[in-house]
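Trainee: Starting off with a structure, shown below.
Just so it is clear, none of the values below were taken in a lab; they were calculated from the coordinates. None of these values were measured; they are calculated from a predicted model.
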Amino acid sequence: MKSWSCIENCGACCRFDLAERKNISSVLSRKDIDLINSMTRKDGWCKYFDKSKKACMIYESRPHFCRVSEFSKSFKAYLKKGDKFLIECCNQHISSIYGRKSKQMKAFKTAISTK
Ligand code: SF4
Ligand code: SF4
């Protein structure tokens, strides 16, 4: 069975559009939403995302909603489907940001299939 795994040089989930991510908005507090809005640049990317390195600049102190292993437990779909839910989310993010044939998608598929 495939297990979810994050990959390096991705960050596809670091571009926010809460209007498109209704499932996330429903489990966030007002404070979280304000924080997300304050972190989001005009182009939708998090201001802490280093686009050239494709990495988080505040990784050790990133907010709770950026910590997938913990935050995922807030979703009913995760409790029901487990890693399948996380894999679907990453597939959506990576497809929409980098494309289905991107090197990030290839790396993600490799990462989840080798665990
Ligand atoms: S989209 Fe998935 S694989 Fe890419 S950085 Fe986010 S959690 Fe990791
Ligand atoms: S804080 Fe870091 S992990 Fe969270 S969205 Fe911003 S760049 Fe991504």
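Trainee: Semi-axes of the equivalent ellipsoid for region 53-115, please: Cα gyration tensor eigenvalues, times 5, square-rooted, ordered largest first, whole Å.
Mentor: Rounded to whole Å, the semi-axes are 20, 18, 11.
Trainee: In percent, what relative contact order does the chain have, based on Cα pairs under 8 Å that are 6 or more apart in sequence?
Mentor: Over the chain, the number comes to 42 percent.
Trainee: Please sort through the DSSP H helices of the chain and keep those with an alpha-carbon extent of at least 20 Å along the long axis and a Kyte-Doolittle average not below 0.0.
Mentor: Those that clear 20 Å and a mean of 0.0 are 83-97.
Trainee: Under the 0.36 nm per residue contour assumption, what length would be gained going from the current alpha-carbon distance of residue 19 and residue 80 to full extension?
Mentor: Answer, rounded to one decimal: 19.6 nm.
Trainee: Can you tell me the alpha carbon radius of gyration of region 12-113 divided by the globular rule-of-thumb value 2.2 N^0.38 Å?
Mentor: Here the Cα radius of gyration is 1.07 times the empirical estimate.
Trainee: Can you give me the orientation-averaged projected area of the convex hull built on the Cα atoms of region 1-58, in nm²?
Mentor: 5.2 nm²
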